[in-house]
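The values are calculated or read from the model by the stated rules, or taken from the named source; none is laboratory data. Keep in mind it's a predicted model, so treat the numbers as computed, not measured. Cβ placement follows ideal geometry from the backbone for every residue including glycine, while neighbour counts extend to all protein chains displayed. SASA here: full protein model, heavy atoms, side chains in, ligands and nucleic acids out. Shrake-Rupley method; radii C 1.70, N 1.55, O 1.52, S 1.80 Å.
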Amino acid sequence: MNLHEYQAKELFETYGLPVSKRGIITDRNNIDEALNLIDFSNGCVAKVQAHTGGRGKVGGVKLCSSYEDVIAFVEEWLGKKIVTIQTDSAGLPVNVISLEELTNIDKELYMSLIVDRGSKSISMIVSEAGGMNIEEVAETNPEKILKAQLNENFKISNEEIFKIAQLLALNESQKEQFKSIVDNCCLLFKDKDLSLLEINPLVITDKGNLHCLDAKINIDENALYRQVDLVALRDASQEDQREYEAKQSDLSYVALEGNIGCMVNGAGLAMGTMDTIKLYDGEPANFLDVGGTATKERVSIAFQLILSDVNVKGILVNIFGGIVRCDLIAQGIIDAIKERSVDVPIVVRLQGNQSERGKKLLNKSGLNVIGEDSLQHAAQKIVELVK
Ligand code: GDP
Ligand code: MN
């Protein structure tokens, strides 16, 4: 789960990390109130709040030197959508804008904490080449990427921190600030079950102080049950609507570009089903795992999800009955189809526990549902039908 930058900065503040003062607006009538919260004498930085980076490159982060600049920025963005290199072509809605006190920058650094599969640890990545695309820096100037691993207590030793500070050519006071930032970030990462914490840029101000100019936080979805305060910060408007609804029903759903809706029980089987569709030159419209405990209700919700995608021209259901009873699933499918007038072809492959009874139910339902025994035949069939 992602947070907005302003929410991440509020968390940063509680962990003693230096961020700019800001005023938040969700309504153009609140501009004055927001500006009253900051020192506007040198202007401010207006920042679109959306779950994406790369805002600066498309005008979503702008230095405003006058009140008129702020008004113009709000007029330009509030209620609109922002499209960046990190979003899809539809972009993300802009419902919040942050007006931040201006920082004068001497140098832009990069810092992040990530779950590093390679080293099987949490790693800190730091670079003197901040403000830029860090993947690009890693490609072209790998020597500019400094790395350190957190130990099992989520800490980096003082020795390592100061070594990196030395490589960044920080002065004595900046080294101490750097150590405090690293320590606090590590603590925040651990306390809040983060999977990513990124500060890009971490700047050295004209007064020589380290300052977090941007803040990106990603929370491990699997830990949300014990991060109740953070769950309250979820902004559904920034997520794929169907993926969001699926999450609410404990279904694993990922939207894709194709036109064959898939409903499968088990992630591995879902992958296999998508592969088989592709093998016959079809394109899946989604990945959907209804889980090992597929019930009539979950099948119904899954159908609703798949059918809400206007690109879906056919549905392939692939259920392997282990604990799940195929006859109950078949009844779920029949009910779901009857509830809403489904006008796309549906191919169903049932195997395992009570699959014969399931197939009989489907066949005598009088509905336009084709039962198949093998996945190959089922995939071939649905690809034919959507063509
Ligand atoms: P992103 O493009 O979405 O990653 O948004 P950032 O928060 O990183 O802002 C983009 C860029 O705007 C930064 O890299 C800075 O160069 C610039 N910027 C942001 N805040 C300030 C500020 O207070 N003062 C100055 N001079 N530049 C800023
Ligand atoms: Mn940034």
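Electrostatic tally near LEU202: other residues with Cβ closer than 11 Å to its Cβ, Lys and Arg +1, Asp and Glu -1, net -3.
Each Cα pair of the chain feeds into the Kirkwood radius, which the Stokes-Einstein equation turns, at 4 °C and 1.567 mPa s, into a diffusion coefficient of 54 µm²/s.
Note: relative contact order over the chain, using C-alpha pairs below 8 Å and six or more positions apart, is 12 percent. Put ASP275, ASP39 in order of accessible area, highest first, and with a 1.4 Å probe you get ASP275, ASP39.
Here the Karplus relation 6.51 cos²θ - 1.76 cosθ + 1.60, evaluated at θ = phi - 60°, turns the backbone of region 159-171 into coupling constants of 4, 5, 4, 5, 4, 5, 4, 5, 5, 7, 6, 7, 7 Hz, with x for every Gly and Pro.
Its relative contact order, with pairs defined as Cα atoms under 8 Å and 6+ residues apart, puts region 247-342 at 33 percent. Calculate, for ALA72 and LEU196, the FRET efficiency according to 1/(1 + (r/R0)^6) with r their C-beta to C-beta distance and R0 25 Å; round to the nearest 0.05. The calculated FRET efficiency here is 0.15. Using heavy atoms of the protein chains and a probe of 1.4 Å, the accessible area assigned to THR295 is about 60 Å².
With the largest listed first and rounded to whole Å, the semi-axes of the equivalent ellipsoid of region 257-296 from the Cα gyration tensor are 19, 10, 6. Only protein heavy atoms count here; on that basis, with a 1.4 Å probe, MET274 has an accessible area of about 30 Å². Of LYS80/LYS296; LYS81/LYS278; LYS80/LYS190; LYS80/LYS247, which ones are farther than 30 Å apart at the Cα? Where the Cα-Cα span goes over 30 Å, the pairs concerned are LYS80/LYS296; LYS81/LYS278; LYS80/LYS190.
For region 30-111, relative contact order (Cα pairs under 8 Å, six or more residues apart, normalised by length) works out to 37 percent. For region 1-148, the Cα gyration tensor yields ellipsoid semi-axes of 30, 18, 15 Å (square root of five times each eigenvalue, largest first, whole Å). Taking the square roots of five times each eigenvalue of the Cα gyration tensor of region 202-295, the equivalent ellipsoid has semi-axes of 38, 19, 11 Å, listed largest first.
Within the shell of other residues whose beta carbon sits under 11 angstrom from the beta carbon of GLU101, the net charge comes to 0, with Lys and Arg scored +1 and Asp and Glu -1. Stretched out straight at 0.36 nm per residue, the stretch from LYS57 to LYS120 would grow longer than its current Cα-Cα span by 19.3 nm. In the chain, the DSSP-assigned H stretches of four residues or longer account for a calculated mean residue ellipticity at 222 nm of -10500 deg cm²/dmol, using -39500 (n - 2.57) per stretch and the full residue count as denominator.
Of the listed residues ILE97, ILE125, the order by accessible area with a 1.4 Å probe, largest first, is ILE125, ILE97.
Heavy atoms only, 1.4 Å probe, whole protein assembly: order LEU361, LEU35 by accessible area, highest first.
LEU361, LEU35
Taking all protein chains as shown and a probe of 1.4 angstrom, ARG28 keeps an accessible surface of around 110 Å². Legend: translational diffusion of region 141-186 by Stokes-Einstein, Rh = Kirkwood radius over C-alpha pairs, 10 °C, 1.306 mPa s; D = 143 µm²/s. Count the net charge of all other residues whose Cβ sits under 14 Å from the Cβ of ASP327, scoring Lys and Arg as +1 and Asp and Glu as -1. Net charge around ASP327: +4. For region 240-246, 3J(HN,Hα) computed residue by residue from phi via the Karplus equation (6.51, -1.76, 1.60; θ = phi - 60°) reads 4, 4, 5, 5, 5, 4, 4 Hz, glycine and proline entered as x.
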